[in-house]
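Below is one structure, written out as C-alpha cells; the observations come after it.
The values are calculated or read from the model by the stated rules, or taken from the named source; none is laboratory data. What you are looking at is a predicted structure, and each value in this text was computed from that prediction instead of being measured. Backbone-built Cβ (ideal geometry, glycine too); neighbour counts: all protein chains shown.
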Amino acid sequence: MIEAYRYRSGPRHALLVQGHSGYAPRGSDVVCAGVSALCAALASTLDRLEKKREISSLDYRISEGCFYCSFDDGGRGEGSGAFECACAGIGLISECYPACAAISESPVLPVKGKR
C-alpha cells in the first residue's frame with residue numbers, strides 16, 4: 001500500500017509518500033504510476049520555483065518506493081498550489097483505490113522513511 005503523509009504549518013510544507021500499491025505487477029501498475037507522476041511533477045515545479053527564489057529550504061528525495069519533499073514558501077503562497085494539487089491528486093487516487101493508497105495529515109513534520 002502507498003501511504004502519503006502531508007504536513008503544512010504556516011509557510012512550511014512537507015510530503016512523504018512511501019510504499020507500493022500492489023495493484024498490478026511492476027511496470028503495469030496504474031496506481032503507482034499515477035502517484036509517481038504527481039510526485040515527479042511536484043518536484044519539478046518546486047525545483048523551478050526555488051531557482052526563481054520563490055520558495056526556500058527545498059529538500060526532496062526520490063528513490064524506489066519513496067518520495068519526500070519539504071520547502072518553505074515564506075508565507076507568500078508560492079509552491080502551495082503545486083503542493084495542494086499533488087496532495088489532492090493522491091487523495092483522488094486513494095478514493096478510487098482505497099486498498100492501494102491513502103493520504104493523511106501528519107501532525108508533525110514527516111521525515112524520510114519515518115512518520
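Of all residues in region 71-115, those satisfying the criterion of being among the polar types (S, T, N, Q) and either free of Cβ contacts under 8 Å to residues at least 12 places away in the same chain or within 17 Å of Val35 (Cα to Cα) (or both) are Ser94, Ser104. Within region 3-13, can one find any residue that is among the small types (Gly, Ala, Ser), under 22 Å from Cys100 (Cβ atoms), at pLDDT 95 or above and assigned to a strand (DSSP E or B)? The answer is yes; a qualifying residue exists.
Scanning region 1-22 for residues that are hydroxyl-bearing (Ser, Thr, Tyr) and surrounded by fewer than 18 Cβ atoms within 10 Å (Cβ to Cβ) gives Tyr7, Ser9.
Among the candidates Arg53, Arg48, the residue that is of a type in the set (D, E, K, R), over 24 Å from Gly22 (Cβ atoms) and modelled with pLDDT of 95 or more is uniquely Arg48.
Evaluation of Ile62 against the conditions (1) touching a strand residue (DSSP E or B) at 6+ places or on another chain (Cβ under 6 Å); (2) in a strand (DSSP E or B) shows that the sole unmet condition is (1). Given the criteria outside any helix (DSSP H, G or I), within 14 Å of Arg6 (Cβ to Cβ), out of contact with any Gly (no Cβ under 9 Å at 6 or more places or on another chain) and among the hydroxyl-bearing types (Ser, Thr, Tyr), does Ser94 qualify? The answer is no for Ser94.
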